Amino acid sequence: MIELIAVSKTYAGSNIKAVDGLSLKISDGEIFGFLGPNGAGKTTSLKILTGVLKADSGQAMVDGTDVSLDPIAAKSRIGYVSDNPEAFAKLKAVEYLNFIADVYGLDSEQRHKRINDYSSRFEIRDALSSSLASFSRGMKQKLFIVASLLPDPQNWVLDEPMVGLDPKAAFALKSIMRNRADSGKTVFFSTHVMEVAERLCDKLAIINKGKIIFIGSFQELKKLEGEDTSLETLFLELTEKSGELAGNGDAVL
Amino acid sequence: MKSFASLVKLYIKSFYNLSPFLDLKKLKPAQVLKNLGIALVALLVLVNFGFLFVSVNLAMYWGLAMLGLQNLLFLVSSLTITVFVFVIGFITALSTYYINGMENHLLVLPLAPWKLLAAKFIAVYSSMAAVSMAFMITSMAIFGFYEGPKPLFYLWGFMGALLLPMPPLALSYLFLVPMMSVAGFLRNRRAVMLFTGVLGLLCAIGFNMYFQSLMSKMADTEALSVMMQNSLPLSIAAAGAYFPAGLLWKAMTVPEQAAAFIQSAANLLLCLGTSIVSIFALAGAYTRSLLGFNEESVKRLSASELKGFLGKKLKRKPVILALVDREIKNLNREPVYLLNGPFVIILLPLIMLIVFLAQKEAFLADPDSAKIIELAGSGFAMVIAAAAGAFLGSGSSIAATALSRDAKDLASIKSLPLDMGLFMFAKLVHAEIFVLLGSIVGCALVSLMFSIGFADSLTAFIMALAMASFINLAALWLDTARPKLGWTNPIAAMKQNMNSVIAILGAMGLLGLFSVAAIKFDIEKGMLLLFFGLAPILASLAALPFYKKYAVKRLAELDL
Ligand SMILES: Nc1ncnc2c1ncn2[C@@H]1O[C@H](COP(=O)(O)OP(=O)(O)OP(=O)(O)O)[C@@H](O)[C@H]1O
Ligand SMILES: [Mg+2]
């Protein structure tokens, strides 16, 4: 379970709120999609949730634990795929995975099994002996996904996980997401791919300029807008509208 | 032509990291302070080189004047400049052959190959010209002071100083471009860094030997002139073979005769000509050699090999060991870090040793030295050993750049369920490994030089360890408080990091104070151990919990 309660964040040296009083709740067993235009505040929100950034105000809760009060307990319940492909470039893939396994305290048997399983599934097992610097963008993305799954986390948080994935890997990712949600785990991911969000997510949040402009299921969104059309169309209309409304500071909720 | 000018500007900016200096108006007070700090350090370096140049020129002048051949000063100094500039130019050209992916972006643009090479040539040339000019100005000032030459003499001198670096630099590229084109294994940043590092080391040692041997004879004009006389035939032969030096020397000897004008004009044509011809001849090959730079070698393992490999690598470690292991790998796999960090522990003692060996005779002959040697028995040498050990131990910059170097990984690290105190502690442990190593090397070296007994060496070693650890913790604290995170080139995290400069200067200051205090007040061994062994260790241990608390808070607040 993930909960953000009235979270706000302004980056040091910036004068705009990257995230502005954002609240959302994701229950166990849910796949939750996080949508919004570039610069809307998705990555910032996810970084606050995973303890990478400190919120100016508000709370981020992971299974009832406040990330800023007990960061280690909260973070050990999260597997996170960041949007930064530059990390750990000096390590070999296997060294990186082993490091992550050490941090999460996996015993040798568990790490063997999970690394073998997931890296075969994403077809990067052959490349595990190579340095991350030699990986393509998609290979890195696959590796980061594998690493985030190593602790078998209750909450899986992914920032634009589809970037660079080939169709087979994208399919594998989507089915792992579904399986995890079905077994009562939480999946929270941001994306720009509307088709994926439309078909995969149990719930969606659309965010613009740091504020939530819609939260609910795709069905609810269609009903609210009174149109039976694609998520893409609705997304474009909604973000357009909220852009105009931003002047008087109201959100369409 | 406009694209060429901005290309030159781009290269020069990225060479010298000039951006903070360029828009002075936009600077905040803290940045002004920082730039003042950098300027101060630059000034220190300049004074250092200035001193070196003046001493060398004086030595050459005195040596030649004894023989009545002072006019040859400019022959010798032009040749010195040429050799100096060739070596530095070659290393700079090599280390900037491919700047961290910048070329990849430039190769995409519709730029003529000659523009790429010429812009880089000019950027490298600019620093060569500065060195050459500085040396020539010192030569001219000394000669001018004693001999009062005609004004035109200075004009030819200035012009020559600007021209002299050109042919050596062109020659460097004449070596480098074919070498890079043929030797594929060299087209790799790691290989280039290692190669330049070793080359730089050898040259630093070579120059040191030459300058030291000149300077050790400073007091003895006879010896200088003998040395000059012995090297004259070689110099004259070199000038005959190498026209730019010969032409410059001749023009400066008879500055007001028509011949001087002709010789200078010929020099201008010759130097500019070789540069331009080389640039155009090499441009195509140069651009082609940039393609495919930085390819990683990837070996795919067979299924059974992979199984063995994974079995060997996937072993559980305690978190602290996993963290230290990561620190070590991250540093050792970046040549820039390796060369400017731990390598210092080897480089500095080597230079010290050379200085000592070169000066040894002069040192032993000096009546004052007898007193020093006598003092050596009474604890003086032990203090020096402790200071040297502590300086080497804290000189690796590992602690002072620990967080800065990690900028790219920090966001990912923060998302892991890791105690950030432990994370920073691993950095301290990594630095402490080199504290241990540096202290051993420094103490052992000085102990051997002065034949210090085992007990005193051990005492020195304990003090070195204690003081270096203390300095290390302070340096780590500094980098935690103000890490340099927004870099694109790892050089910025290490070499151009103010924190490492502050840490080294701070260590020098502290250890200088220590040595002076210990020697001046003639503190006895027990007290020394108490004040400079036990006290720093206790202070470090006491500070550790406070540091941890600070680091956890600081890291939590960092916007990444
Ligand atoms: N390190 C930073 N320093 C200052 N401002 C930042 C920083 N990172 C992001 N911002 C600003 O915060 C706002 C939100 O950015 P964020 O990265 O959260 O957007 P996003 O929704 O993830 O966008 P995208 O879809 O492009 O990934 C933007 O206005 C951005 O300019
Ligand atoms: Mg983002």
### Message
So, in the stretch A:161-174, how many residues would count as being in contact (Cβ under 8 Å) with a residue 24 or more places away in the chain and open to solvent by 20 Å² or more (accessible area, probe 1.4 Å)?
### Response
7
### Task
Look at residue A:101 and say whether it is of a type in the set (A, V, I, L, M, F, W, C), over 22 Å from residue B:419 (Cβ atoms) and more than 16 Å from ligand 1 (Cβ to nearest atom).
no
### Residue under evaluation residue A:177, criteria (1) surrounded by fewer than 17 Cβ atoms within 10 Å (Cβ to Cβ); (2) farther than 20 Å from residue A:85 by Cα, criterion not met
(1)
### Query
Given the conditions (1) open to solvent by 40 Å² or more (accessible area, probe 1.4 Å); (2) at pLDDT below 80, which single one is not true for residue B:329?
(2)
### Query
Given the residues A:14, A:45, A:82, which is the only one that is free of Cβ contacts under 8 Å to residues at least 40 places away in the same chain and within 16 Å of ligand 2 (Cβ to nearest atom)?
A:14
### Query
Filter the stretch A:17-37 for residues that are of a type in the set (D, E, K, R) and more than 9 Å from ligand 1 (Cβ to nearest atom); which is nearest to the other protein chains (Cβ to nearest Cβ)?
A:20
### Query
Which of the residues belonging to the stretch A:114-134 are under 25 Å from residue B:334 (Cβ atoms), facing another protein chain (nearest Cβ under 9 Å) and not small (Gly, Ala, Ser)?
A:128
### Task
Output the residue which, of all residues in the stretch A:38-61 that are within 9 Å of ligand 1 (Cβ to nearest atom) and on the phi > 0 side of the Ramachandran plot, is most open to solvent (accessible area, probe 1.4 Å).
A:39
### Task
Give the residue, chosen from A:188, A:171, A:214, A:235, that is within 16 Å of ligand 1 (Cβ to nearest atom), part of a helix (DSSP H, G or I) and among the aromatic types (Phe, Trp, Tyr).
A:235
### Summary
Conditions (1) within 12 Å of another protein chain (Cβ to nearest Cβ); (2) without any contact (Cβ under 8 Å) to a residue 24 or more places away in the chain; (3) open to solvent by 20 Å² or more (accessible area, probe 1.4 Å) -> residue A:90 fails only (2)
## Note on the structure
Apart from one, (1) under 17 Å from residue B:417 (Cβ atoms); (2) at the interface with another protein chain (Cβ under 9 Å from one of its Cβ atoms); (3) open to solvent by less than 10 Å² (accessible area, probe 1.4 Å); (4) out of contact with any Pro (no Cβ under 7 Å at 6 or more places or on another chain) all hold for residue A:78; the odd one out is (4)
### Query
If you go through the stretch A:124-160 one residue at a time, how many are in contact with a helix residue (DSSP H, G or I) (Cβ under 9 Å, 6 or more places away or on another chain), within 18 Å of residue B:299 (Cβ to Cβ) and in contact (Cβ under 8 Å) with a residue 12 or more places away in the chain?
10
### Query
Hey, residue B:339 hits all of (1) at pLDDT 85 or above; (2) buried (at least 20 other Cβ atoms within 10 Å of the Cβ); (3) not charged (D, E, K, R) but one; which does it fall short on?
(1)
### Message
Which of the helices (runs of 4 or more DSSP H) found entirely inside the stretch B:285-345 contain at least 2 residues meeting this: among the basic types (Lys, Arg)?
### Response
B:303-313, B:319-332
### Message
Quick check on the stretch B:468-487. Is at least one of its residues within 16 Å of ligand 1 (Cβ to nearest atom), in contact with a Leu (Cβ under 8 Å, 6 or more places away or on another chain) and within 14 Å of another protein chain (Cβ to nearest Cβ)?
### Response
yes
#### Entry: Members of the stretch B:400-456 found to be β-branched (Val, Ile, Thr) and either more than 29 Å from the chain's Cα centre (by Cα) or buried (at least 21 other Cβ atoms within 10 Å of the Cβ) (or both), listed by number
B:401, B:413, B:435, B:446, B:452
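Listed here are the residues, each with its yes/no results for (1) small (Gly, Ala, Ser); (2) modelled with pLDDT of 85 or more; (3) touching a Leu at 6+ places or on another chain (Cβ under 6 Å).
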| site | (1), (2), (3) |
| --- | --- |
| B:247 | no, yes, no |
| B:264 | yes, yes, no |
| B:280 | no, yes, no |
| B:301 | no, no, no |
| B:318 | no, yes, no |
| B:324 | no, yes, no |
### Task
Among the numbered conditions (1) open to solvent by 20 Å² or more (accessible area, probe 1.4 Å); (2) touching a strand residue (DSSP E or B) at 6+ places or on another chain (Cβ under 7 Å); (3) more than 7 Å from every other protein chain (Cβ to nearest Cβ), tell me where residue A:139 comes up short.
(2)
### Message
Condition first: more than 30 Å from the chain's Cα centre (by Cα), crowded, with 16+ Cβ neighbours inside 10 Å and modelled with pLDDT of 85 or more. Now tell me which residues in the stretch B:63-113 satisfy that.
### Response
B:113
### Query
From the list B:503, B:460, which residue is surrounded by 24 or more Cβ atoms within 10 Å (Cβ to Cβ) and within 15 Å of residue B:401 (Cβ to Cβ)?
B:503
### Message
Can you report the number of residues in the stretch A:8-17 which are modelled with pLDDT of 95 or more and among the small types (Gly, Ala, Ser)?
### Response
1
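The values are calculated or read from the model by the stated rules, or taken from the named source; none is laboratory data. This structure is a prediction, so every number in the text was calculated from the model and none was measured. All Cβ positions, glycine included, derive from the backbone under ideal geometry; neighbour counts span all protein chains shown. Only protein heavy atoms, including side chains, enter the accessible area calculation; ligands, DNA and RNA are left aside. Shrake-Rupley method; radii C 1.70, N 1.55, O 1.52, S 1.80 Å.
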